[in-house]
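Step one of this worksheet: look at the structure below.
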Amino acid sequence: MREAIAKAPVGDDVYGEDPSVDALQRRAAQLLGKPAALFVPSGSMGNQASLRTLTRPGDVVLASENAHLLRYEGGAPSALWGVQVKTIGRGGLFDAEDVRRAITVGDAHVAPTRVLAFENTHNFAGGRVFPLEALHEAVRAAREAGLGLHLDGARLWNAVVATGVPASVWAEPFDTVSVCLSKGLGAPVGSLVCGSVERIREVHRARKLLGGGMRQAGVIAAAGLHALDHHVERLAVDHANAGRLAEGLVALGVRVDPPPETNMVMFEVDEPTPFAEGLRERSLRINAIAPGRFRAVLHLDVGAEDVEEALARIEEILRATRS
Ligand SMILES: Cc1ncc(COP(=O)(O)O)c(C=O)c1O
């Protein structure tokens, strides 16, 4: 990846003149089966620039429980666009009935529901994949009510590898799809928003409003191209490592819930405070994402032998905290 970065041809992308950015955008659009794509600095910007094009102030966006765009993007939908987010379903999933029940339109007293947003895989729900059939049913309910559709596909690649369903099939119903090159794909920075040519023109305008135009961005686009070429199929290794970590944790008497579907392991321990301290002391970078609830993420810098080492250190911590 560093070699690809060093060799990248560059130009000024604010003027649309960077060949590496162009190549990355073409490749992402082709992978997602959309006419156009725009390179943006982060997944958060991808989500928020998309929402800007799909909503007006006062609108409601329906999203999954603990959706990243609501929980972890600094309150951006309300702070930036004057949009409220209403969560539906449980554990990152919802069904067509949840969508129908939540929609409010055609009454001057209530805020109109404008968009349905999915997150696949779902971060807070532990890397859960949204089942394709349920997704299509919820999409139909949203379309019947005239809603726009956004997919936060920061980890769509994990869903692709876990299910064998191509990215273009996952992306097909959506007006906007954001995908990340960082995280499991290992690029240092960068995300893309994909959609129609007209839609991506509007997303470009939103990126400008957010200060997301980048000049010789080819150096980071090259990292993204390298990640797409070399780091997608290998996500299966992360999924296998997550499975092994979960199995080892269960053997240590730790509650793992839900069972991992992709590259994350969510677990709970009885003594979270000393456990978190033990993780820090033993250089295990596993976040507590809710009181008593931990999230381990597997990625290309964590190998099978690291998982065994992590389990050995966790066993030590548990022995110390239980005694
Ligand atoms: C589901 C999801 N969407 C969006 C983002 C935001 O990505 P970034 O950190 O690049 O802004 C993340 C980050 O973890 C995420 O998990």
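Values quoted throughout were computed directly from the atomic coordinates according to the rules given, and no laboratory measurement underlies them. Predicted model, so just to flag it, every value in this text is computed and none were measured. All Cβ positions, even for glycine, are placed from backbone atoms using ideal geometry, and neighbour counts span all protein chains on display.
A few comments on the model shown:
- Checklist (1) more than 15 Å from GLY148 (Cα to Cα); (2) under 17 Å from the mean Cα position of the chain (by Cα) applied to ASN47, failing item: (1)
- Residue list for region 116-126, restricted to those being crowded, with 24+ Cβ neighbours inside 10 Å, in contact with a Leu (Cβ under 9 Å, 6 or more places away or on another chain) and not aromatic (Phe, Trp, Tyr): LEU116, ALA117, GLU119, ASN120, THR121, HIS122
- Failed criterion for VAL21 (all others in (1) within 15 Å of the ligand (Cβ to nearest atom); (2) surrounded by 23 or more Cβ atoms within 10 Å (Cβ to Cβ); (3) in a helix (DSSP H, G or I) hold): (1)
- Of all residues in region 266-284, those that are closer than 22 Å to ASN241 by Cβ have Cβ atoms under 6 Å from Cβ atoms of residues that are part of a helix (DSSP H, G or I) and among the hydroxyl-bearing types (Ser, Thr, Tyr), 6 or more apart or on another chain, in PHE275/THR321.
- Residues considered: GLU73, GLU65. Of these, the only one that is surrounded by fewer than 24 Cβ atoms within 10 Å (Cβ to Cβ), near the ligand (Cβ under 10 Å from one of its atoms) and of a type in the set (Asp, Glu) is GLU73.
- Across region 246-262, the number of residues qualifying as more than 20 Å from LEU185 (Cβ to Cβ) and in contact with a strand residue (DSSP E or B) (Cβ under 8 Å, 6 or more places away or on another chain) comes to 8.
- Pairs where the first residue, in region 72-96, is among the polar types (S, T, N, Q) and the second is in a helix (DSSP H, G or I), C-beta under 8 Å, 6+ apart: GLN84/PRO77; GLN84/SER78; THR87/LEU70
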